[in-house]
Every structure is written in C-alpha cells, then in structure tokens.
1. Just to verify a number: what accessible area does residue 195 come out at with the full protein assembly present, 1.4 Å probe, Å² rounded to tens?
2. Between residue 244 and residue 167, what is 0.36 nm times their sequence separation minus the Cα-Cα distance? Round to one decimal in nm.
3. Residue by residue through region 131-138, which ³J(HN,Hα) values in whole Hz follow from phi under the Karplus form 6.51 cos²θ - 1.76 cosθ + 1.60 (θ = phi - 60°), with glycine and proline marked x?
4. Taking a probe of 1.4 angstrom, what is the accessible area of residue 152 in Å², to the nearest 10?
5. For residue 201 and residue 181, calculate 0.36 nm times their separation in residues minus their Cα-Cα distance, and state this gained length in nm to one decimal.
6. Which pairs in the list 150/192; 173/217; 173/208 are over 22 Å apart, alpha-carbon to alpha-carbon?
7. For region 138-202, what ratio Rg/Rh do Cα atoms give with a Kirkwood hydrodynamic radius?
8. Order the following by accessible area, largest value first: 236, 222, 127. Probe radius 1.4 Å; ligands, DNA and RNA are ignored.
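The values are calculated or read from the model by the stated rules, or taken from the named source; none is laboratory data. Here the structure is a predicted model, which means the values were calculated and not measured. Accessible surface areas use protein heavy atoms only, side chains included; no ligands, DNA or RNA. Shrake-Rupley method; radii C 1.70, N 1.55, O 1.52, S 1.80 Å.
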Amino acid sequence: MLRPVRADRRTTPSRSAAPLGMRLPLAAAAVVAVGLTAACGPSSQPVGSAAPSAARASAEALPSASETAGASTGASPSASPSASASASASASASATSSQAGAGSAAPARTSAKPTARSSAAPAPAAVPGPGYDGSADAQKQIDAALRAAKADGRMVLLDFGANWCGNCKAADKVFAQSQTAAILGASYHMVKVDIGGNSSANSALLRKYSPSGGTYKMPVLVVVSPSGTVRTDTHVTGNPSLTSEGINAFLRQWAS
C-alpha cells in the first residue's frame, strides 16, 4: 500500500515556488518604472495633479483675455470725449466765424453813408453877367474852366461875341433868366470871349475852337468837353433860336 502522505506531497504544490513567481513580475515593473523616470525626469507633483494645473493655467489665461477686452472697452470712452471735444471746437470755430462775418458786415453798412455824401451834386458853377470884357485874359479863363471841368465833369461853354452885337445882347437876356442860369450852373463852366475889338489873341482863340473859318455870325457858341475836345460849334451847325426855349434845349442837349 502506498502512504497517503506521499500522495499529498506529489499533489500539493510547493510554497516556495509561488513567491518566486510573484517576485519576478514585481522586479520587471520596477525596472520599467526606473526607465520612465530616467526618460521623463523626476516630477515634484503627483500624477493626478497634471489636470488641475492645466485647468488652472486656462483659468489664469481667461482673465487676461477679459482684461484685454476691458482695456479695449475702456479705450472707447477716451475716444468719445476726444470726438466731443472736436465737435465742440468745430462748433466754437463756426460760431466765431459767424460772429466775425457779422462784425465785418457792420463797417460795410457804415461806409455806404460817406459814399452817398460824396456822390452829391457839386455846388453850381458861377455864371458870368451880360457883356464881354475885352481886357480879360481869355486864355487863362479857358484854362481855369477846363481844370474845373476835369474836377467836376461839367462841360465848358465858350461864348464868342461883342458888346455891340444885337444877337449877343438877346442871348445875354436869356442867360440871365433863372431857368437857363440853373442849367448853366449845373452843367457848364461858361467863358465869354470878346471878339468885337482888336484883340488878336481872342481872334486866335476863335479860330482854334472854330477852325472852319469864313464869316462868323455872332454869338458863336462852342461846347468843349473836360478833355478839351470840341463837341459842337454853332458856326458850323447854326445858332439855336435866341429864346429861352431854343437856348435851353441847346444847353440840355450838350450838357452830357
């Protein structure tokens, strides 16, 4: 007979064999852990702390982005006062230019008054009395009349005649009338030249302003412009009627 004890020894596994099999896998795990530590380097944080670090980094990055948005939002108010200041400056400049324009218009109104005064008609020119002065210097009188005409724009009326001429006396009576004298004073500087005596100077003046020659029928009325140009000569055209109507019409015709 076989002993049961021997059978137990054959069928019961050895206790020392199991611990040796378990130690081999632990040794292999330790070798792998050492290799990972050497490749990645030591870590001061536990393995489970990596995710909170990344989350914390993201959380810290978010405030900086919101701060950037806040900074850009805060920059827009500063731009708004600048725009308001520009608008205010433009409005002030516009108001100032309007006031300046209104102020500059006032002198223009005040300057219109002196212009109106200066455009008033000058005082009437002197009208010589009847007759002809043979001793007068007719050339000087004509020169003075032309200077006055250049100053006020009137015409010069030369009256060549003689004291013994009946037609000249008839014309003098008309010249003395108030209406005719007013026309003469307003529009002419009148010079009377005596050609009834022996004055060669006065005869030369007659030929100068009435150069057609021939026999002169007195009075000879010559209208001269301020520049000295003869406008009309009755030795050429014939005398008007020696009445107030005829002489007044003649004077008005050549007054301008």
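1. 30 Å²
2. Working: separation 77, 0.36 × 77 = 27.72 nm, distance 1.35 nm.
Working it through step by step, the gained length comes to 26.4 nm.
3. My calculation for region 131-138 gives x, 10, 9, x, 8, 6, 7, 5 Hz in order.
4. For residue 152, solvent-accessible area is about 50 Å².
5. Values: separation 20, 0.36 × 20 = 7.20 nm, distance 2.82 nm.
Taking residue 201 through residue 181 to full extension adds about 4.4 nm, to one decimal.
6. 173/208
7. On the way: Rg = 12.8 Å, Rh = 12.8 Å.
Using Cα coordinates only, the ratio equals 1.00.
8. Numbers: 236 100, 222 0, 127 55 Å².
From most accessible down to least: 236, 127, 222.
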